[in-house]
Amino acid sequence: MTSTLDSRLSAELEQFRRDGVYKRLNFLDSPQAPRVTMEGRGEVIVLSSNNYLGLANEPSVVAAGKAALDRYGAGTASVRFICGTFTVHRSLEAACARLVGTAASLSFVSCWNANEAVPGTLLGEADIVISDQLNHASIIDGIRLAKAITKCQTAVYQHADLSDLEEKLRAARDRRTRMVITDGIFSMEGAIAKLPDLAAICRKYSAILVVDDSHATGVLGPNGRGTAEHFGMVGEVDIITSTLGKALGGAAGGFVAGSEAVCDYLTQRARPQLFSNALPPTVAASSLAAIEFLEHHPERVTALRENARYFRERLLAAGFKPLPGETPIIPVILGETAKAIEMSSLLLERGVFVTGFGFPVVPQGQARIRCQISAAHTRADLDQAMDAITAVGRKLALV
Ligand SMILES: Cc1ncc(COP(=O)(O)O)c(C=O)c1O
């Protein structure tokens, strides 16, 4: 029997299809890598993955997960504070803190959960959290939740607008704690946060600076230590959140890195951790191996940067206008959502997997395809992808 809920949802889904914004899932049947096997399509070049360093299928990372499966079994069967804490969690958390340059860190099953934990746990009614307008959805929802749970004040500043931030901070002088949250790399633009300016303003107004480095960990800085290393500011960010699901092996998981007090307090009180199982030990072990790999192979980060520079130059030479930047996230704005989806499907027909993003993920009228480059792409992968992008771009009269 079809419920009224099902009928309403089906009608809306039908509308998504008519509007050309319905997302179809593509099933992969091989490890995440520059070239994957996609069900029904065969080999496809991936320009749409967060596997920035190519560690998802790195032998030492995979082997560490297998060894952990033998040593610790399939799962934790518990939350951290009951009996879900394994020795590998401690090793992973020490490695995360070492990597990003903080005194301590605490793992979560996702960075979504980590971002949900930070404002909702660390703030109270007397406090305020101020967020960049283009921050990731997990930060936005974490703040909404914090407001509902703690009754803290919230404010949003225009994207990367330091004078707007300063105005919001000035107006919040009476608050007990002022927390400013920004993405390190903004995932839809590929832009890097202006960390030196943000840190200076936060110092001026005694605010806590939180940076979500999900797209920057393993990517920015000579050693992939993130946005702080990029600006020579390791140790100067109060709290860093990041994911284990992108450059660091790409499985899943996230962490909060900060002072001992912050991490201990979150251990005591963060609801996503108190009431949900711990990160599976296999994933913790793979992530730990990924961090150790990164620590021994800074040349991967250099290769990533070189590949991103090469691809950006090729896009420009072909007549596209990617958003300017220096990260491996390279968006090309197309306008309407349907156009981005059309370009994405035409590329897939030519064996290149690039996702199109439209409203509400990005603002109305700014739909785009977003190319993501990996250190593991060969020049042949990038050249083949460029040939397809150029051909489709011509067909759609973009170049
Ligand atoms: C900036 C940012 N923060 C948080 C997340 C969520 O990370 P996770 O997949 O670990 O939940 C993402 C993932 O897309 C992200 O881009």
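Averaged over its residues, segment 175-236 has an accessible area of 31 Å² per residue, based on protein heavy atoms and a 1.4 Å probe.
The GluC sites (Glu not before Pro) of segment 70-166 that DSSP puts in a loop, and whose beta carbon has at most 16 other beta carbons within 10 Å, are E125. Rounded to the nearest 10 degrees, the inclination of helix 195-204 to the longest alpha-carbon principal axis of the chain is 30 degrees. Relative contact order, whole percent, for segment 1-96 stands at 12, derived from Cα pairs under 8 Å and 6 or more residues apart. Largest GNM mean-square fluctuation across L244, L28, L334, computed for the chain with C-alpha springs under 10 Å, falls on L28. Label segment 170-255 by shape, choosing from rounded, prolate and oblate, from the square roots a ≥ b ≥ c of the eigenvalues of the Cα gyration tensor; if a/c is under 1.5 it is rounded, and otherwise prolate applies when a/b is larger than b/c, oblate when it is not. Prolate is the answer for segment 170-255, as a/c is 1.5 or above and a/b outweighs b/c.
According to the square roots a ≥ b ≥ c of the eigenvalues of the Cα gyration tensor, what is the shape class of segment 230-275, taking rounded for a/c under 1.5, prolate for a/b larger than b/c otherwise, and oblate for the remainder? Taking the square roots of the gyration eigenvalues as a ≥ b ≥ c, segment 230-275 is oblate. Springs join every pair of Cα atoms under 10 Å in this Gaussian network model of the chain, and among F27, F353, F320 the largest mean-square fluctuation is at F27.
In the chain, the longest principal axis of the Cα atoms and the axis of helix 4-18 are about 50 degrees apart.
The base-10 log of I(q)/I(0) for the chain, evaluated at q = 0.07, 0.11 Å⁻¹, reads -0.33, -0.85 [Debye formula, identical scatterers on Cα atoms, solvent excluded]. Remark: segment 1-125 carries 54 Å² of accessible area per residue (probe radius 1.4 Å; ligands, DNA and RNA excluded). When both segment 1-35 and segment 36-78 are represented by their alpha-carbon centers, they are found 25 Å apart. Assuming R0 = 56 Å, can you tell me the calculated FRET efficiency for the pair R269 and E167, based on Cβ-Cβ distance, to the nearest 0.05? Once the sixth-power term is evaluated, E becomes 0.95.
Evaluated over the chain, the count of Lys pairs having alpha-carbon atoms less than 19 Å apart is 9 (only pairs 8 or more residues apart or interchain). Calculation over all alpha carbon pairs of segment 43-133 in 5 angstrom steps from 0 returns a P(r) of 2, 9, 12, 19, 20, 15, 11, 7, 4, 1, 0, 0 percent.
Under a Gaussian network description of the chain, with springs only between Cα atoms under 10 Å, the residue in T85, T217, T227 that fluctuates furthest is T85.
Put simply, segment 93-223 fits an ellipsoid with semi-axes of 22, 18, 14 Å; these come from the alpha carbon gyration tensor as the roots of five times its eigenvalues, largest first. Enter the angle in degrees (range 0 to 90, nearest 10) between the Cα long axis of helix 111-122 and the first principal axis of the Cα atoms of the chain, meaning the one along which they spread out most. Tilt relative to the chain: about 30 degrees. Under 8 Å for C-alpha pairs, at least 6 residues apart: give me the relative contact order for segment 55-127, rounded to a whole percent. Here the relative contact order equals 12 percent. Here the contact order of the chain, divided by its residue count and restricted to Cα pairs under 8 Å and six or more residues apart, works out to 22 percent.
Keeping the other protein chains in place, figure out the carbon and sulfur percent of the accessible area of the chain, with a 1.4 Å probe. The C+S portion of the solvent-accessible surface of the chain is 53 percent. Under the convention that each Lys and Arg Cβ holds +1 and each Asp and Glu Cβ holds -1, the size of the dipole of segment 218-339 around its Cα centre is about 540 debye.
Each peptide in 368-376, 252-260, 271-279 was scored by the mean count of other Cβ atoms within 10 Å over its residues; highest first, the order is 368-376, 252-260, 271-279.
The values are calculated or read from the model by the stated rules, or taken from the named source; none is laboratory data. Here the structure is a predicted model, which is why all the values come from computation and not from measurement. Please note: Cβ atoms are built from the backbone with ideal geometry, for glycine as well, and neighbour counts cover all protein chains shown. Quick note on the areas: whole protein, heavy atoms, side chains included, nothing else; ligands and nucleic acids left out. Shrake-Rupley method; radii C 1.70, N 1.55, O 1.52, S 1.80 Å.
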